[in-house]
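This report refers to the structure that appears directly beneath it.
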Number of protein chains: 2
Amino acid sequence: MSDQNPLAKSLQLLWEGLPEPEKGPKPKLRLEQIVAAGIDLADADGLEALSMRRLAEKLGVGTMSLYRYVPSKNELLNLMLDTVVGPSHTRMTSPRLGWREFLAITAHEGRQLYLAHPWTLQANWSRPVLGPNSVADLDLFMTGVKELPLSDREKMNLATVLDSHVMGAVRQELLWQKAAAESDMTDEEFWTYQLPTLERAMESGRFPTLAQLSEDTFDGTNEETFEFGLDLLLDGVEEEIQRRLAQGGADSA
Amino acid sequence: MSDQNPLAKSLQLLWEGLPEPEKGPKPKLRLEQIVAAGIDLADADGLEALSMRRLAEKLGVGTMSLYRYVPSKNELLNLMLDTVVGPSHTRMTSPRLGWREFLAITAHEGRQLYLAHPWTLQANWSRPVLGPNSVADLDLFMTGVKELPLSDREKMNLATVLDSHVMGAVRQELLWQKAAAESDMTDEEFWTYQLPTLERAMESGRFPTLAQLSEDTFDGTNEETFEFGLDLLLDGVEEEIQRRLAQGGADSA
DNA sequence: TGAGTACAACGTACGCCGTACGGTGCACGC
DNA sequence: GCGTGCACCGTACGGCGTACGTTGTACTCA
């Protein structure tokens, strides 16, 4: 790792943590403490409540002391992200699982993770995290789909596509929660207040198709949507591999 | 619309715009100008560059004057969002299109929209937009899938799932662009700097499956991933409707 | 024509934010 | 026992969103 590399510091922090100092006074904190406290705060009060000042206060240190451990808030977020996908959470599924079950479990665990840490969806806008836990997660995924008759490149695409679906579904789910919370109302109240406007819109004749939809069109739960899309994807995979098996060999590496 | 409704103001702004004043001096600006300037700014320099001060400066007015038109920055973002999905952009596809083509075109146009206005992916974390253009968009979608033998509720799920896929894929795409830009490097440089760390990780034996992947595993383009997932979804839909048609009637409303 | 009034413009200020900088004092190697 | 390198962190700067209150304009009505 040459000093020329401008990402060296960030990557080192992710993969090796902070080097132990030898000379000076004992550090009051450990990097892991800061990261853990950050995750706690973001889980509890949302990403917008995670400020360096609040975090420092929570840890009982001065604000600027945090910068002895972490070069910037952005870097802290990267550490938080990689921590949160940590091994305790990866699907410890028995390795002998059919690919369909494996993909379904992966998706469901992903959903639980995003629901437990909603800030992850807003946070990683800054930089693709290539930390050890993320990489381990990808390794686990690739192991789980080893037997699928797809090329490695296609498997990679599958990983991305599955994650997109999970993120997108959870995002929808959180959107309504947040909106209601910000306006100091419950989900239902929020809907209720929107209803009159929508009803007037329906009656205006500008939306002929919407106006004719059945009553329960918008009653679906977020989980239902999630499962619906997951089934579509898995069916799509199934069909693709049937097609390949039918016409002979697979081109998996 | 009673005054009790705490969302009345927001909804009115979206659906009816600002009421014309009769008494006082002529307003210097129009609401649409502000919204358009906001979109311009966010398109050009990113959402983080869109501050009320900069926006006001761009428009040649004092900062606080903007609040004569828009109650808050959040509300402005909602207006921007609904504007950007405006009718000029909706697929003006001939109504007699097969469902598969229709869904594919919808997805592709969505992708173009998100790529043209990347900030939309970060912005609508505040409130689900139920503006006239968004509703019109949904109406158009529902018209396009009218013939599909799915229930209305399932069609709604399909709309959400498709959008999730599009958003997720574009998000991945933008992520790398942004990361590189923030570090003042190109995409390739960014990769290059990460490589040594990854190679060391591969050689560590901690990621046995990843270490064995073929060379081109990570060479896929974002567009390729997008198409891959889209095909999976559409194949999934195809299979589902085959299944239904095989066993008799559909339960569409 | 003059008074009253509603409303547009916007300067100032408050309390947040991330973080650059530099001083203070601790703990170890010599 | 002292020099040195580092931990801690107070202060300050330039941003942010926006609450509040003043000023001046353009209309209605007497």
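The values are calculated or read from the model by the stated rules, or taken from the named source; none is laboratory data. Computed from a predicted structure; not experimentally measured. Glycine gets a Cβ as well: all are built from the backbone with ideal geometry, and neighbour counts include every protein chain shown. Just so you know, the surface numbers come from the protein's heavy atoms only, side chains and all, with ligands and any DNA or RNA stripped out. Shrake-Rupley method; radii C 1.70, N 1.55, O 1.52, S 1.80 Å.
Remarks
Residue-by-condition table, conditions (1) under 22 Å from B:S151 (Cβ atoms); (2) at pLDDT below 90; (3) not small (G, A, S):
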site: A:D152; (1), (2), (3): no, no, yes
site: A:L174; (1), (2), (3): no, no, yes
site: A:E182; (1), (2), (3): no, yes, yes
site: A:Y193; (1), (2), (3): no, yes, yes
site: A:G205; (1), (2), (3): no, no, no
site: A:E215; (1), (2), (3): yes, no, yes
site: A:F218; (1), (2), (3): yes, no, yes
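- Unique match (being over 31 Å from the mean Cα position of the chain (by Cα) and either more than 10 Å from chain B (Cβ to nearest Cβ) or of a type outside the set (A, V, I, L, M) (or both)) among A:E199, A:E227, A:E182, A:E239: A:E199
- Condition met for B:E101 (of a type in the set (D, E) and either within 13 Å of DNA strand D (Cβ to nearest atom) or closer than 27 Å to A:L195 by Cβ (or both)): no
- Residue count, the range B:37-58 (criterion: touching a residue at least 24 places away in the same chain (Cβ under 8 Å) and either under 20 Å from B:L13 (Cα atoms) or basic (K, R) (or both)): 2
- Screening B:M80 against (1) under 25 Å from A:L210 (Cα atoms); (2) at pLDDT below 95 leaves a single unmet condition, (2).
- Residue match in the range B:236-252 (condition: in the same structural domain as B:Q112 (by TED's automatic domain parsing), in contact with a His (Cβ under 9 Å, 6 or more places away or on another chain) and closer than 27 Å to A:L150 by Cα): no
- Per-region count, the range A:142-161, residues open to solvent by 10 Å² or more (accessible area, probe 1.4 Å) and either under 15 Å from A:E101 (Cβ atoms) or of a type in the set (V, I, T) (or both): 5
- Inclusion of A:A136 among residues that are assigned to a helix (DSSP H, G or I), facing chain B (nearest Cβ under 7 Å) and buried (at least 18 other Cβ atoms within 10 Å of the Cβ) is warranted.
- Highlighted here are the helices (runs of 4 or more DSSP H) found entirely within the range B:1-120 that include at least 1 residues which are within 16 Å of DNA strand C (Cβ to nearest atom), open to solvent by 60 Å² or more (accessible area, probe 1.4 Å) and not assigned by TED's automatic domain parsing to the domain that holds B:N133: B:8-16, B:31-45, B:52-59, B:73-84.
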